[in-house]
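**Q** The structure's right below; bear with me while I get my questions together.
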Amino acid sequence: INSQGVVGKILSVYSTSSKVIFITDAENSISAIINNPRIIGTLVGRGGFLCQLKYIPINESVKAGGKVLTSGEGGIFPKGMLLGEITSSKPSADSMTLEIDVKPAVDFSTLEEVLVITK
């Protein structure tokens, strides 16, 4: 994490460094919750500096500007850490869920230092 929010997860630890997978990486997924209304989904990376929130039912009212936080499920991150902000929401191709774009809270283009949370 840093002062802006969640950066990613540690994949490997070495003697003087660690390998981190950013929340924007297409191989990454994090259990997340929309702050208002309280709806749980999965934040997945889209590559570049973008994320998408998945598995939100189409009947939910989701608005741009809503905050996306860690849900605390999955045992990786504590509940309530900032992941990002909703930028857009529209019905997905399956017409059963929403396609929600999320701008990460962390500015990865200026990222220099992180804080590692341990148990």
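**Q** Is it the case that some residue within region 71-84 is of a type in the set (Ser, Thr, Tyr) and either outside any loop (DSSP other than H, G, I, E, B) or open to solvent by less than 70 Å² (accessible area, probe 1.4 Å) (or both)?
**A** Yes, region 71-84 contains at least one residue that is of a type in the set (Ser, Thr, Tyr) and either outside any loop (DSSP other than H, G, I, E, B) or open to solvent by less than 70 Å² (accessible area, probe 1.4 Å) (or both).
**Q** OK, next. Based on this model, can you work out whether VAL6 counts as among the β-branched types (Val, Ile, Thr), in a loop (DSSP other than H, G, I, E, B) and more than 22 Å from ILE117 (Cα to Cα)?
**A** no
**Q** Which residues, counting only those in region 1-20, are of a type in the set (S, T, N, Q) and either in contact with a Cys (Cβ under 9 Å, 6 or more places away or on another chain) or farther than 29 Å from LYS67 by Cα (or both)?
**A** SER12, SER15, THR16, SER17, listed by residue number.
**Q** In addition: If you go through region 13-37 one residue at a time, how many are open to solvent by 40 Å² or more (accessible area, probe 1.4 Å) and assigned to a strand (DSSP E or B)?
**A** Filtering region 13-37 down to residues open to solvent by 40 Å² or more (accessible area, probe 1.4 Å) leaves 13-20, 22, 25-27, 29, 35-37.
Imposing the further condition that a residue be assigned to a strand (DSSP E or B) reduces the set to 13, 18-20, 22, 29.
The number of residues fulfilling the criteria is 6.
**Q** Sticking with this structure for a sec: For residues in region 80-97 being farther than 16 Å from ALA32 by Cα and among the charged types (D, E, K, R), which is modelled with the highest pLDDT?
**A** LYS90
**Q** Would you say LYS90 is free of Cβ contacts under 8 Å to residues at least 40 places away in the same chain, assigned to a strand (DSSP E or B) and either aliphatic (A, V, I, L, M) or surrounded by fewer than 17 Cβ atoms within 10 Å (Cβ to Cβ) (or both)?
**A** So LYS90 passes the test.
**Q** Something else: What tally of residues in region 95-119 results from selecting those that are among the aromatic types (Phe, Trp, Tyr) and either in a loop (DSSP other than H, G, I, E, B) or loosely packed, with under 12 Cβ neighbours inside 10 Å (or both)?
**A** Final tally of qualifying residues: 0.
**Q** Condition check: out of contact with any Pro (no Cβ under 7 Å at 6 or more places or on another chain) and either at pLDDT below 95 or within 22 Å of THR110 (Cβ to Cβ) (or both). Does ILE56 satisfy that?
**A** no
**Q** From (1) surrounded by fewer than 13 Cβ atoms within 10 Å (Cβ to Cβ); (2) in a strand (DSSP E or B); (3) touching a residue at least 12 places away in the same chain (Cβ under 8 Å), pick out the condition that doesn't hold for LYS63.
**A** So the condition that LYS63 fails would be (2).
**Q** Continuing with the same structure: Please count how many residues of region 38-53 are assigned to a strand (DSSP E or B) and either hydroxyl-bearing (Ser, Thr, Tyr) or open to solvent by 50 Å² or more (accessible area, probe 1.4 Å) (or both).
**A** Count: 2.
The values are calculated or read from the model by the stated rules, or taken from the named source; none is laboratory data. Keep in mind that what you see is a predicted model, and the values were worked out from it rather than measured. So basically every Cβ, Gly included, is an ideal-geometry build from the backbone, and we count neighbours across all protein chains shown. Heads up: the accessible areas ignore ligands, DNA and RNA and are worked out on the full protein's heavy atoms, side chains in. Shrake-Rupley method; radii C 1.70, N 1.55, O 1.52, S 1.80 Å.
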